[in-house]
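Written out below as structure tokens is the structure these notes cover.
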Amino acid sequence: MKMPHVVFATAFDQYAVQAFDVNAVDYVLKPFDKARIAKAIARARKMLETQTSATERLEQLVSQLGAGKQNSSPVKILVKSQQRLLLVDGEDLIWASIDGGMISVVARDVEGTSNYRTLEEMDEALESESFWKPHRSFLVNIHHIKKFCPGSIPPTC
């Protein structure tokens, strides 16, 4: 019996692992744009055209992830701090927040503002799985999280 090809589209990232446990083609997090939906549709079409097993698809994914890490150079974020423009390594970013259209940035050695228009734009530029959006106004480097207090933005616990 042929199984349907399913793409999940939701605002809840905590269910992604379960979605792939049931062989989901893709898991798209809201808010998403046309390019991301097009990518999910292309992935579904590719799966329909090629009859590869889940094991083969997993092996392809692991090899792609390994190749991406070898070829990528560190991403830099431009931060304005005290009338200076500084280039900060993306992995040194601790968190960023947006308020009134301005993105505030806190990194290991500097605090300031960013020239990105949205947190989504900054997140895409960082090209890293190390960042998480616990709220639409915050982007956090998960390697710097010590404690998380649900319902408390910014954290005050």
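The values are calculated or read from the model by the stated rules, or taken from the named source; none is laboratory data. Keep in mind the model is a prediction, meaning the values are calculated, not measured. In this analysis, Cβ positions are derived from the backbone assuming ideal geometry, glycine residues included, and neighbour counts consider all displayed protein chains. Only protein heavy atoms, including side chains, enter the accessible area calculation; ligands, DNA and RNA are left aside. Shrake-Rupley method; radii C 1.70, N 1.55, O 1.52, S 1.80 Å.
Give me the net charge of A9's neighbourhood, meaning all other residues with Cβ under 15 Å from the Cβ of A9; Lys, Arg count +1, Asp, Glu -1. List each step's numbers first, then the result.
Details: positive: K30, K34, R36, K39, R43; negative: D13, D26, D33.
Result for the neighbourhood of A9: +2.
Can you pull the Rg over Rh of the range 74-152, Cα-only, Kirkwood?
Values: Rg = 11.8 Å, Rh = 12.6 Å.
Across the range 74-152, the Cα-based Rg/Rh ratio is 0.94.
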At R0 = 35 Å, FRET efficiency that the Cβ-Cβ distance of H5 and R136 yields, to 0.05: 0.75
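Hey, if we sort H144, H5 by accessible area with the 1.4 Å probe, largest down, what's the order?
On the way: H144 55, H5 85 Å².
Descending accessible area places them as H5, H144.
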